[in-house]
Amino acid sequence: MQKGNIGVTTENIFPVIKKFLYSDHEIFLRELVSNAVDATQKLKTLSSIGEFKGELGDLTVHVSLDKETITVSDRGIGLTAEEIDKYINQIAFSGANDFLEKYKNDANAIIGHFGLGFYSAFMVAKKVEIVTKSWKEDAKAVKWSCDGSPEFTLEETEKADRGTDIILHIDDDCKEFLEEARISSLLKKYCSFLPVAIAFGKKKEWKDGKQVETAEDNVINETTPLWTKKPSELKDEDYKEFYRSLYPMSDEPLFWIHLNVDYPFHLTGVLYFPKVKSNIELNKNKIQLYCNQVYVTDSVEGIVPDFLTLLHGVLDSPDIPLNVSRSYLQSDSNVKKISTYITKKVSDRLQSIFKNDRSQFEEKWNDLKIFINYGMLTQEDFYDRAKDFALFTDTEGKHFTFEEYQKLIKENQTDKEGNLIYLYANNKDEQYSYIDAAEAKGYSVLLMDGQLDIAVVSMLEQKLEKSRFMRVDSDVIDRLIVKDDAEKQTLPQEKQDELSALFKSQVPAIDKSEFTVMAQSLGEAAAPVVITQSEYMRRMKEMANIQAGMSFYGEMPDMFNLVLNTDHKLIKEVLQREETACGNDLTSLNVQMNTLDTERKSLRKQHEGKKQDEIPTAEKDQLESLDKQWDELKEKKNGLLTAFAGKQPVVRQLIDLALLQNGMLKGEALTRFVKRSIELIG
Ligand code: ADP
């Protein structure tokens, strides 16, 4: 029997392994099972080139549980005593302490760096034994044993069969790994697609109301998973079935892409466009990353472009440096190439579905658009490809490419400055009257009700030349697309102001909303009162809700315009009644105010260019008094108008109707409106 010290420079490597790798303890199983698979694959290779001439026989790798031990057994190449010495005893260690310190929270990094795969067994075992017999003729079976100190023993032993048993005597604080359910779930997670059969115990069946073991091995993996097969051999149903096996609770996927590259890197996999029902679901199912069919992780950030992390499926590449830190990944040139490749593949696939089966593409667009929009927003090169197949949808559900839509609206929706005006709504019901008005004018209205559409609108305004997006309710219909300068307004300014003041006095207080009342000539057929909200202000608020650092806008009240249509019969009648009721009073007030105004204006003119102390005190006082008198008259006038408006139920009624149309009439105001309506009918 041979005794010796394991060749590490640090005396106490095992406590280090144990302590630092705490969070990732479970990966020991992945490491041991994939070593067993590697040893099996190597034997198959030796056999295929004729170097190994014996029978391969059943090559199933067995994982078994006992009271205190986990054993992983293979019938692979095995190890000779010399090989144990070389591969197990001499772990090349340089600068171990520094490295361990740096990566102490990243088990993968440590294991990868030191080829510590096998030693990860010590994360869960107080003692590990290797019982192995090499495939080589006349090889003697050997048993290596180590109890977690840097000392080991190596002795000859009896072993009938070729291959290796790794026996883990599980540590007291790791008893969970002796539970069948735990090992079963770990095998499922890490080993489901390993290329050699892995058996965990025996298959069970129901007999006389009890589960009993059969003689058949319980093979837990699929050795040739879908992505390793040729696309030409696969049917749609195969892809769907594989998807179901990965994500049993999810709806059928929309599309899939089978990836297969040999050069300049190796990558296989299948990516699925999922049908997502909610945001929560979006983040729950993830792309799984494999390395030669060994599961590595489901956090693929950095490897695939951000927007594609929303996809589902598997990627398998031996060329992704799996055992290094995330920041390293991002600068790795292979990883960059892979990311670019995947982006291109995804866009090619979408492009081809769009071209070859546009109706299918359109049918699925609603589910698809979140991915495509997200991609266009975050990835320049994806935008350049996607702009040809990304779609607009109008309020009637018709789809257009960007180019088709431009052509459609060019004629009728170009303003006097040559800007193409895209009209959109984001709620068909709430904005119905505005959509209706726009369509009556022959305009097309897009429906932009997606989660990302606010951002898409801003992006497109930057990408598309001379293009602006306006929500249908952002101005009165005639001003949505301004085609000429002609400002038609027949009512004198003074009358407009009076009308506005009159209505303003009756606008109810609505929380976090402010109204600017104005009079405009909108035509006899248009509504008497129209509420609009400036595109710019609304967008600022919307952006504030999705972007940090803009909370200033988020706090501001919503600013609305209440536009009075001076061409409408009811508005004209209000004006007439006002004229009759307080015309004389108003005229006299106006005359007085105008006189005061002329006076103070001429005084101000005299003061122009003078410093404050050069102006005589008497003149300053006079000016102050003029202002005061004017303000008083103005107040009086407002009082007059308010008193008049208060006696005109139609004023309040018209305002309320406009509010109602915009879903802004609620609570007490709504109840009062209903009552007033009944009275008016009666
Ligand atoms: P790695 O697998 O990264 O080389 P490990 O520490 O897991 O590092 O294993 C070290 C070496 O031990 C392997 O390269 C292999 O030569 C040998 N080895 C480990 N497990 C087995 C096994 N089950 N059968 C044969 N050889 C093995």
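Of the candidates Val574, Val591, the single residue that is at negative phi and open to solvent by less than 20 Å² (accessible area, probe 1.4 Å) is Val574. Of all residue pairs spaced 6 or more apart or on separate chains, those with beta-carbon atoms under 6 Å, a first member in the stretch 599-616 that is more than 13 Å from Asp627 (Cα to Cα) and a second member that is open to solvent by less than 100 Å² (accessible area, probe 1.4 Å) and in a loop (DSSP other than H, G, I, E, B) are His607/Ile615.
Residues of the stretch 511-525 that are hydrophobic (A, V, I, L, M, F, W, C) and open to solvent by 30 Å² or more (accessible area, probe 1.4 Å): Met518, Ala525.
Restricting the first member to the stretch 162-181 and to residues that are closer than 20 Å to Ser149 by Cα and open to solvent by less than 40 Å² (accessible area, probe 1.4 Å), and the second to residues that are within 16 Å of the ligand (Cβ to nearest atom) and part of a helix (DSSP H, G or I), the beta-carbon pairs closer than 7 Å and six or more apart or on different chains are Ile166/Leu32; Ile166/Ala121; Leu168/Ala121. Take the residues in the stretch 55-81 that are of a type in the set (Val, Ile, Thr) and surrounded by 18 or more Cβ atoms within 10 Å (Cβ to Cβ); name whichever of them is nearest to Ile198 (Cα to Cα). It comes out as Val61. Only residues that are touching a strand residue (DSSP E or B) at 6+ places or on another chain (Cβ under 8 Å) and without any contact (Cβ under 8 Å) to a residue 60 or more places away in the chain were counted across the stretch 367-394, and they come to 7. Does at least one position in the stretch 626-640 carry a residue that is within 60 Å of the chain's Cα centre (by Cα) and open to solvent by less than 30 Å² (accessible area, probe 1.4 Å)? Yes. Scanning the stretch 430-437 for residues that are assigned to a loop (DSSP other than H, G, I, E, B), at pLDDT below 95 and outside the structural domain of Val529 (by TED's automatic domain parsing) turns up at least one hit. Total residues in the stretch 216-245 satisfying the condition of being among the basic types (Lys, Arg) and either surrounded by 16 or more Cβ atoms within 10 Å (Cβ to Cβ) or not in a helix (DSSP H, G or I) (or both): the figure is 3.
If only residues of the stretch 246-274 that are farther than 21 Å from Asp348 by Cα and without any contact (Cβ under 8 Å) to a residue 12 or more places away in the chain are counted, the one that is least open to solvent (accessible area, probe 1.4 Å) is Pro248. Selection of the stretch 358-406 for residues being within 15 Å of the chain's Cα centre (by Cα) and hydroxyl-bearing (Ser, Thr, Tyr) yields Tyr374, Thr378. Any residue that is polar (S, T, N, Q), within 16 Å of the ligand (Cβ to nearest atom) and touching a Gly at 6+ places or on another chain (Cβ under 7 Å) - is there at least one of those in the stretch 209-219? For the stretch 209-219, residues polar (S, T, N, Q), within 16 Å of the ligand (Cβ to nearest atom) and touching a Gly at 6+ places or on another chain (Cβ under 7 Å): absent. Scanning the stretch 602-620 for residues that are open to solvent by 90 Å² or more (accessible area, probe 1.4 Å) and closer than 30 Å to Leu586 by Cβ yields Arg604, Lys605.
Checking the stated criteria, Glu362 turns out to be charged (D, E, K, R) and in contact with a His (Cβ under 8 Å, 6 or more places away or on another chain). Against the condition β-branched (Val, Ile, Thr) and closer than 30 Å to Leu623 by Cα, how does Thr595 come out, does it pass? When the stated conditions are applied, Thr595 passes them.
For the stretch 519-550, filtered to residues that are acidic (Asp, Glu) and modelled with pLDDT of 85 or more, the residue that is nearest to Lys572 (Cα to Cα) is Glu524. Checking each residue in the stretch 34-81 for being among the acidic types (Asp, Glu) and either within 12 Å of the ligand (Cβ to nearest atom) or within 43 Å of the chain's Cα centre (by Cα) (or both) picks out Asp38, Asp74. Residues in the stretch 139-163 that are over 23 Å from Lys126 (Cα atoms) and among the basic types (Lys, Arg): Lys140, Lys159, Arg162.
Taking (1) in contact (Cβ under 8 Å) with a residue 60 or more places away in the chain; (2) in a loop (DSSP other than H, G, I, E, B); (3) more than 30 Å from Arg652 (Cα to Cα) in turn, Tyr443 satisfies each apart from (1). Taken residue by residue, the stretch 533-552 has at least one member that is part of a helix (DSSP H, G or I), aliphatic (A, V, I, L, M) and touching a residue at least 60 places away in the same chain (Cβ under 8 Å). Inspection of the stretch 148-155 finds no residue satisfying the criterion of being away from the ligand (no atom under 14 Å from the Cβ), over 30 Å from Gly54 (Cβ atoms), open to solvent by less than 30 Å² (accessible area, probe 1.4 Å) and not in a loop (DSSP other than H, G, I, E, B). When you scan the stretch 407-415, do you find a residue that is loosely packed, with under 14 Cβ neighbours inside 10 Å and within 31 Å of the chain's Cα centre (by Cα), even just one? Among the residues of the stretch 407-415, not one is loosely packed, with under 14 Cβ neighbours inside 10 Å and within 31 Å of the chain's Cα centre (by Cα), which makes the answer no. Looking across the stretch 123-147, the residues that are open to solvent by less than 40 Å² (accessible area, probe 1.4 Å) and either part of a strand (DSSP E or B) or over 17 Å from Asp85 (Cα atoms) (or both) come down to Met123, Val124, Ala125, Val128, Glu129, Ile130, Val131, Thr132, Val142, Trp144, Ser145, Cys146.
The values are calculated or read from the model by the stated rules, or taken from the named source; none is laboratory data. Quantities reported herein were computed from a predicted structural model and do not represent experimental measurements. Glycine gets a Cβ as well: all are built from the backbone with ideal geometry, and neighbour counts include every protein chain shown. Accessible surface areas use protein heavy atoms only, side chains included; no ligands, DNA or RNA. Shrake-Rupley method; radii C 1.70, N 1.55, O 1.52, S 1.80 Å.
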